[in-house]
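Bear in mind that the values in this text are calculations on the coordinates, not laboratory data. Quick caveat, the model's predicted, so the values are computed rather than measured. FYI the Cβ positions are ideal-geometry reconstructions off the backbone, even for glycines, and counts take in every protein chain you see.
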Amino acid sequence: MIEYALYFAIGCFAVALMLNLYRIVNAPVLGDRILALDTMVINAIALLSLFGVLKQTSIYFEASMIFAMTGFVSTVSYTRFMLRGDIIE
């Protein structure tokens, strides 16, 4: 029974990823694109975690932590670029 719930959750997060991708392409301003990219990273982390539970291995959780750190740094750097015009001062 838990497998069906995991497959349903994976399907929902996959649809959310596609909607985020649509928002990244068709956003009117740069801020909306950054927010959609950050939400896309969160959905990808959720997908990795769910896949790790489904396969019963811990390697996917480690990959999701690396992806979370990379996503945080990219969101901060995109926001700093949007506000100041450059990333490194």
**Q.** Reciprocal mean inverse distance between Cα atoms of the range 2-84 - Kirkwood radius, Å
**A.** 13.6 Å
**Q.** Positive-end residue, the chain charge dipole about Cα centroid, Cβ charges, pick of 63, 36, 9
**A.** 36
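For residue 70 and residue 7 in the same chain, what is the full-extension length gain: residue separation times 0.36 nm, less their Cα-Cα distance, in nm?
Working: separation 63, 0.36 × 63 = 22.68 nm, distance 2.62 nm.
Net length gain for the segment: 20.1 nm.
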Q: Report ³J(HN,Hα) in whole Hz for each residue of the range 55-66, in order, from the Karplus equation J = 6.51 cos²θ - 1.76 cosθ + 1.60 where θ = phi - 60°; Gly and Pro get x.
A: 8, 6, 10, 9, 5, 6, 5, 5, 5, 5, 5, 5
Q: Using a 10 angstrom cutoff on alpha carbons, build the Gaussian network for the chain and name the most mobile of 15, 29, 73.
A: 29
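Add -39500 (n - 2.57) for each DSSP H run of 4 or more in the chain, then divide by its residues: what number comes out at 222 nm, to the nearest 500 deg cm²/dmol? List each step's numbers first, then the result.
Working: 3 runs with 77 residues, N = 89.
Only helices count here, giving -31000 deg cm²/dmol.
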Q: With θ set to phi - 60°, apply the Karplus curve 6.51 cos²θ - 1.76 cosθ + 1.60 along the range 12-27 and write out the HN-Hα couplings as whole Hz, x wherever there is a Gly or Pro.
A: 5, 5, 5, 5, 4, 5, 5, 5, 5, 4, 4, 5, 5, 6, 10, 6
